[in-house]
Amino acid sequence: MKSLTRIVALCLALSLVPLAALATPSEPASPSSPLVAGAVLLAQAAPAADAQPAAAPAAAPAEEKKEQAAAAPPVPDKGDVAWMSVSTLLVIMMTIPGLALFYGGLVRTKNMLSILMQVMVVFSVIVVLWAIYGYSLAFGGDGPFYGNLSKIFLKGITPESAAATFSKGVVIPELSFVAFQATFAAITCALIVGAFAERVRFSAVLLFSVLWFTFCYIPIAHAVWYWAGPDAITDAKSLEAVTAAAGFMWAKGALDFAGGTVVHINAGVAGLVGAYVIGKRIGYGRESMAPHSLVMTMIGASLLWVGWFGFNAGSNLEANGVAALAFANTLIATAAATVSWTLGEWMGKGKPSMLGAASGAVAGLVAITPACGFVGPMGALIIGLVAGVVCLWGVNGLKRMLGADDSLDVFGVHGVGGIVGALLTGVFAAPSLGGTGVFDYVANAASPDYSIGAQVWVQLQGVLLTIVWSAVVAFVAYKVVDLMVGLRVPEEEEREGLDISSHGETAYHS
Amino acid sequence: MKLITAVIKPFKLDEVREALSGIGVQGITVTEVKGFGRQKGHTELYRGAEYVIDFLPKVKLEVAIADELVDRAIEAIEASARTGKIGDGKIFVYDLEQVVRIRTGETGNAAL
């Protein structure tokens, strides 16, 4: 109890810090400063007019107004803002309750609440940290792996602040971008818990999530997604400058539309390492650990599928044809993967299962994530078909080979699916295969050149970087957390069930 | 007095109940149980994890019965619960020392 009092006091003290940040006046971006900082345009639309001196001469007002209009920064389109708001809601729904129920149904009744808790609380913790420092470090400024703390506590971001999209002259409110990205960080960390379900200590999950978020999610998100935005690229020279300041993998030209590497490979690897470090569940291989409710799992998988349209199509940051492409691809690839996993299981094991169909859908969703805005619908179809069967192997043959108790197949589905998707993005983004190709922001059109081999090599580099970085950071974080609080609950608590031992509750009273 | 315990296939419960009513048995207690004899279980597959489930769902019914009725009760249960396939179940007969009707306090045969 004494340590609980200390923790409460610490939280109360820490919450005073944001208040202090609010007190310090934020500096508005001066009109002449380059519109930079992490796919974010610091555009202050209204203050430019306010800065006009009161005694402005009446003469030549028309010319001045015309200049102002020409220099006036773009304002968000209401449709884009509405779309981004909806997309963010969809991604929140993907985690709570989508992922929570998908995972929850797969564990035994005695551990159902522990999964729901871990998902919901990790989600919440990461959103808080994102608002405090995550957004700033991921998208606050230039650098290969980290931004800076210029936007700590979201300093300087107002309703008028704008963030760049992938189209020149099109912006969305920066706060929309902050919120949208927050849900991505949060779901990534929540995904990991499936790998060590039914035996991990709750405090260890929270501490690990904080460490891994800070030292792995943020730098990988920054490395893959950070750039100054299309309006900063006007000629070859500015392209070079933007590339030099951008994230490490972005600069290399890696294509990851909605987070195949940043979210899925990242979480998959961290989960697998966790499964190894934490060890198998007691009774694994001997006792029945069958899912207690595939009904819940199917509900969760369905919520994930529906929500994923926000995840993928929302990653376009605006509501246009590319969003429609991402939307269609998310539908087609997922359906294809469901079919291919189901057929694969039917042929291989004799019966098609509900868990297989649900898992197939998720595998397709994972694989199309990096590809959705870059490949054509038939490319998406093929990606889905391939992901369905490869991930089926991932949770069977590969799982046996790896020998870890990755309880909810985080690596088998998200890790393997993410790798498949990332590599196939390099193939099917090719214009010759129906893809969009790579966009040339100097010419403001798709580049006619595309080398599948070269792009796949870049994709592979992104995959390898993510695997290594995630594995190393995760391993260290697990060890640190083990020293701090211990990773596993004691045997009796594991036998009794985490719901009672960790949370003092029972999910179902029979 | 005897206590008859019968483990039968769940879908046979209604038939057995009716057959017992037919010979004048007023009440039975039913529990859902799991068990196996010679009947094999089944295999469940969850992704890569295969589980062989030996136990099959069964229904256990218990009837407290007067000595004169025992043979007819056994016959009734046997006939109505039989399908002819493995897993039909078993009937056990125990000696019953005392029976009390809680509402009235009656004991012995009057309580049956």
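Tell me the residue from B:L45, B:L56 that is more than 29 Å from B:T107 (Cβ to Cβ), more than 19 Å from the chain's Cα centre (by Cα) and surrounded by 13 or more Cβ atoms within 10 Å (Cβ to Cβ), please.
Result of the check over B:L45, B:L56: B:L45.
Of everything in region B:57-66 that's in contact with a helix residue (DSSP H, G or I) (Cβ under 9 Å, 6 or more places away or on another chain) and of a type outside the set (G, A, S), which residue is nearest to A:A358 (Cα to Cα)?
Taking the candidates together, the pick is B:P57.
The conditions are (1) within 14 Å of chain A (Cβ to nearest Cβ); (2) modelled with pLDDT under 95, and B:G87 fails exactly one of them. Which is it?
Going through (1) within 14 Å of chain A (Cβ to nearest Cβ); (2) modelled with pLDDT under 95 one by one, B:G87 breaks only (1).
Can A:R281 be described as without any contact (Cβ under 8 Å) to a residue 40 or more places away in the chain and within 14 Å of chain B (Cβ to nearest Cβ)?
Spelling it out, it is not the case that A:R281 is without any contact (Cβ under 8 Å) to a residue 40 or more places away in the chain and within 14 Å of chain B (Cβ to nearest Cβ).
Where residues in region B:27-51 are in contact with an Asp or Glu (Cβ under 7 Å, 6 or more places away or on another chain) and within 14 Å of chain A (Cβ to nearest Cβ), which of them is nearest to B:K9 (Cα to Cα)?
B:G41
With A:A337, A:A361, A:A371 as the choices, which residue is closer than 29 Å to A:K168 by Cβ, within 23 Å of the chain's Cα centre (by Cα) and of a type in the set (G, A, S)?
The conditions single out A:A371.
Have a look at A:L255, A:L272, A:L303 and point out the one that is away from every other protein chain (no Cβ under 14 Å), within 16 Å of the chain's Cα centre (by Cα) and either surrounded by 21 or more Cβ atoms within 10 Å (Cβ to Cβ) or part of a loop (DSSP other than H, G, I, E, B) (or both).
The unique qualifying residue is A:L255.
Determine whether A:S451 is away from chain B (no Cβ under 14 Å), without any contact (Cβ under 8 Å) to a residue 60 or more places away in the chain and in contact with an Asp or Glu (Cβ under 6 Å, 6 or more places away or on another chain).
Answer is no for this residue.
For region A:71-94, give me the residue count where each residue is closer than 11 Å to A:E318 by Cβ and surrounded by 15 or more Cβ atoms within 10 Å (Cβ to Cβ).
Number satisfying all stated conditions: 7.
For B:E62, indicate whether it is in contact with a Phe, Trp or Tyr (Cβ under 9 Å, 6 or more places away or on another chain) and either within 14 Å of chain A (Cβ to nearest Cβ) or modelled with pLDDT of 95 or more (or both).
No; evaluated as a whole, the condition is false for this residue.
In this structure, is B:R72 surrounded by 13 or more Cβ atoms within 10 Å (Cβ to Cβ), more than 13 Å from the chain's Cα centre (by Cα) and at pLDDT 95 or above?
So B:R72 fits the description; yes.
So how many residues does region A:459-494 have that are in a helix (DSSP H, G or I), without any contact (Cβ under 8 Å) to a residue 40 or more places away in the chain and either touching a Cys at 6+ places or on another chain (Cβ under 7 Å) or not hydrophobic (A, V, I, L, M, F, W, C) (or both)?
2
Within region A:381-415, restricting attention to residues that are surrounded by 24 or more Cβ atoms within 10 Å (Cβ to Cβ), away from every other protein chain (no Cβ under 11 Å) and not hydrophobic (A, V, I, L, M, F, W, C), which residue is nearest to A:L331 (Cα to Cα)?
The qualifying residue nearest to A:L331 (Cα to Cα) is A:G384.
Touching a residue at least 12 places away in the same chain (Cβ under 8 Å), assigned to a helix (DSSP H, G or I), within 14 Å of chain B (Cβ to nearest Cβ) and under 23 Å from A:L423 (Cα atoms): is that true of A:A363 in this structure?
yes
If I go through region A:324-360 residue by residue, how many of them are in contact with a Lys or Arg (Cβ under 9 Å, 6 or more places away or on another chain) and either more than 14 Å from chain B (Cβ to nearest Cβ) or not small (G, A, S) (or both)?
2
The values are calculated or read from the model by the stated rules, or taken from the named source; none is laboratory data. Owing to the predicted nature of the structure, the values given are computational and were not obtained by experimental measurement. Here Cβ is always computed from backbone atoms with ideal geometry, including for glycine, and neighbour counts include all displayed protein chains.
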